[in-house]
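The values are calculated or read from the model by the stated rules, or taken from the named source; none is laboratory data. Predicted, not measured: the structure shown is a model, and the values here were computed from it. For neighbour counting, all protein chains shown are included, and Cβ atoms are generated from backbone atoms with ideal geometry for every residue, glycine included.
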């Protein structure tokens, strides 16, 4: 059975979906995990939701990398802020009024950074009709496991998973939750934290806020782990032709030009590991490594990935990114080497 009311109110924000950002993007995380096949593709290849099939497990919200799927009655990012700081907290669908699958890895990391201890009660999962084939429980534990890898590497305590019944009564839990929410609302404006024009998912804004709060307690050495929600990018100097496609199609503006367009900068905090930059890069100059600097993330610092020196092509007279001492751009190189004998100037005849 389920202790939650049926949910048919999950909404899709089409402009936030990664499939809108680039025609070749084939993100299908929400489709792949939906236990009732309520999520699919429309005739225009856009994500669609059949509310008659939806059982409200909310796993789709927890796995969406861009925050395109939302539940209007419960915002997990706002909830993380509402819990305050430096507490011992227990998360449960019985007192949060939402399945824990609505939280992504970043939400769990933020909770771990903000509090003394965090425990997740999943004792109801076995008897919940929102957990067919234990799929929803699997998503929850995967997100917590990934969060724990991050927290452990950062020097913070892990989040515990419990299948024991929570001794706190539903009435007591609800009273405690409402009290915390009202206290925090008097101290902090969520409208100021979440800029409506910001392309960054709310969960990433909360993660940055949480890293700042815990910055003095975190290990100084970089984290060398691979995570599903963020990537540290690199650009190969020899391969990059400075076309700018990676910058144009990055949905969160993690990649950007310098003012003179000779440098490409990268803000790791803004990367959501969507892979669009890898897909659109024709020379395949972009790659990722598994190194994250927590200070860089906390303060959204930009890194210099590549700097080009420009020269004027001797053939077409257009500037091009020079890799060595070459005087001809890539566009003209093939003509000069293989086809120049097909044409001749009048003065050469």
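Mind telling me which of the residues 259, 239, 228 ends up being without any contact (Cβ under 8 Å) to a residue 12 or more places away in the chain and either out of contact with any strand residue (DSSP E or B) (no Cβ under 8 Å at 6 or more places or on another chain) or farther than 26 Å from residue 104 by Cβ (or both)?
Testing whether each residue is without any contact (Cβ under 8 Å) to a residue 12 or more places away in the chain and either out of contact with any strand residue (DSSP E or B) (no Cβ under 8 Å at 6 or more places or on another chain) or farther than 26 Å from residue 104 by Cβ (or both) leaves just 259.
Out of (1) touching a residue at least 12 places away in the same chain (Cβ under 8 Å); (2) part of a loop (DSSP other than H, G, I, E, B); (3) under 23 Å from the mean Cα position of the chain (by Cα), the odd one out for residue 54 is which?
Going through the list (1) touching a residue at least 12 places away in the same chain (Cβ under 8 Å); (2) part of a loop (DSSP other than H, G, I, E, B); (3) under 23 Å from the mean Cα position of the chain (by Cα), residue 54 breaks only (3).
What residue, of 276, 286, is surrounded by 14 or more Cβ atoms within 10 Å (Cβ to Cβ), under 30 Å from residue 19 (Cβ atoms) and modelled with pLDDT of 95 or more?
286 is the lone residue from the list that is surrounded by 14 or more Cβ atoms within 10 Å (Cβ to Cβ), under 30 Å from residue 19 (Cβ atoms) and modelled with pLDDT of 95 or more.
Is it true that some residue in segment 114-128 is under 17 Å from residue 34 (Cβ atoms) and touching a residue at least 12 places away in the same chain (Cβ under 8 Å)?
yes
Within segment 30-40, can one find any residue that is under 22 Å from residue 277 (Cα atoms), outside any loop (DSSP other than H, G, I, E, B) and at pLDDT below 85?
Checked segment 30-40: no residue is under 22 Å from residue 277 (Cα atoms), outside any loop (DSSP other than H, G, I, E, B) and at pLDDT below 85.
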